[in-house]
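Visitor: Before I ask anything, let me first share the structure, which is written out below as structure tokens.
The values are calculated or read from the model by the stated rules, or taken from the named source; none is laboratory data. Quick caveat: nothing in here was measured; it's all calculated off a predicted structure. Neighbour counts are summed over all protein chains in view; Cβ atoms, including those assigned to glycine, are modelled from backbone coordinates with ideal geometry.
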Amino acid sequence: MLRAVVDVGSGSVVLLVSELREEGWTQVDGGSWMPFLGTGTRQSGLLAEGPMEATLAALRQAKAQADALGVQDFRAAGTMALRIARNARDFLSRAEAQGTPIVVLSGEREAELGFRAVVNDPQFSDRDTLTIVDPGGQSTEVTVAHRATPGGAWDIRFSQSFPIGTLQLRGGLLATETPDLGEILAASAFIDDTVRIDVPPRDTGAVVTLGAPGTDLVAMKLGLTGWHPERVHGAWLDYEDVGRAVGRLMRMTDAERSAVPGIEPARGGTVHAGCLILERILNAVAAPGCFVSIRGWRYAWLEEE
């Protein structure tokens, strides 16, 4: 059986195609597009026509790619931009009309799926305490969980979807292409005030980050060109790596950030904001760094009937 799962995020549209084999679900194909559906949504309360049409086009391409492989089950889900936009219903109707219906995940559901995608990953199976951070375009999910024995049940100690993301910051406190120190400090203070993790730092364990900021930072650190998931997944980033990257990227223009080896060019306008969110959360939990996972919430949703 072939199943396709599409993550319709505030910034990207990501396709995962997997086949159910004896050993479980195995990825056979994928794709990604950057239509930035949530651009300006936090400020206006609306999805703009250009990003909506670009996202619908990406969904059509994802569906065609899945159909060409003989996919029997195609499913798509949206996140924060579709939770907050007043015209989300119109967009969802248009998506359904073209044969690519979308369900909208709640913040709690998005955090739960992100958590399961990490704890079910053999890469992190030896951990007994994990903090999972998933910075997105309009929201950031944080989950802290612990288990008393190896292989035992996980106890979720904290889980929340915070209304803060890369597109939101870029449309507000980091609207300047090359922000000055005052703007960076204001954005940092806003993140610190918004993201309150009600768990003592000593109880947060290993931090695992999902999403573009972590993968871009690893690719930058290793000087990677192109997509090398086997080198990115499970890689470690020191807190100092993240802090240095924030300082470097904040001094650049969008074009300069887009040209940095390892950064997906379309993310030149938001990568610095995502790195700042990650840096402030690592600071909040006093973490020495974080592991990077390429397995977003779509990997957990894939396994659900």
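Yes/no per residue for (1) in the same structural domain as E183 (by TED's automatic domain parsing); (2) at positive phi; (3) under 19 Å from the mean Cα position of the chain (by Cα); (4) in a helix (DSSP H, G or I):
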site: I197; (1), (2), (3), (4): yes, no, yes, no
site: V207; (1), (2), (3), (4): yes, no, yes, no
site: G214; (1), (2), (3), (4): yes, no, yes, yes
site: E230; (1), (2), (3), (4): yes, no, yes, yes
site: E240; (1), (2), (3), (4): yes, no, no, yes
site: G247; (1), (2), (3), (4): yes, no, no, yes
site: P261; (1), (2), (3), (4): yes, no, no, no
site: H272; (1), (2), (3), (4): yes, no, yes, yes
site: L276; (1), (2), (3), (4): yes, no, yes, yes
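Visitor: When you check G269 against the structure, is it crowded, with 20+ Cβ neighbours inside 10 Å, under 23 Å from L173 (Cβ atoms), at pLDDT below 95 and not hydrophobic (A, V, I, L, M, F, W, C), yes or no?
Guide: No: the conditions fail for G269.
Visitor: OK, next. Show the residue pairs that are 6+ apart or on different chains and have beta-carbon atoms under 6 Å apart, the first residue being within the stretch 23-39 and free of Cβ contacts under 8 Å to residues at least 60 places away in the same chain, the second being acidic (D, E).
Guide: T26/E19; V28/E19
Visitor: With the structure loaded, tell me whether D203 is assigned by TED's automatic domain parsing to the domain that holds L173 and either among the β-branched types (V, I, T) or closer than 30 Å to G182 by Cβ (or both) or whether it fails that test. Quick ask: steps written out before the conclusion?
Guide: Values: assigned by TED's automatic domain parsing to the domain that holds L173: yes; either among the β-branched types (V, I, T) or closer than 30 Å to G182 by Cβ (or both): no.
Answer is no for this residue.
Visitor: Another question, if that's okay. Give just the number: which of (1) hydrophobic (A, V, I, L, M, F, W, C); (2) in contact with a strand residue (DSSP E or B) (Cβ under 6 Å, 6 or more places away or on another chain); (3) surrounded by fewer than 20 Cβ atoms within 10 Å (Cβ to Cβ) does L130 not satisfy?
Guide: Checking L130 against (1) hydrophobic (A, V, I, L, M, F, W, C); (2) in contact with a strand residue (DSSP E or B) (Cβ under 6 Å, 6 or more places away or on another chain); (3) surrounded by fewer than 20 Cβ atoms within 10 Å (Cβ to Cβ), the one that fails is (3).
Visitor: Right, another one. Please go through the stretch 201-216 and give me each residue that is touching a Gly at 6+ places or on another chain (Cβ under 8 Å) and of a type in the set (A, V, I, L, M), ordered by number.
Guide: V207, L210, A212, listed by residue number.
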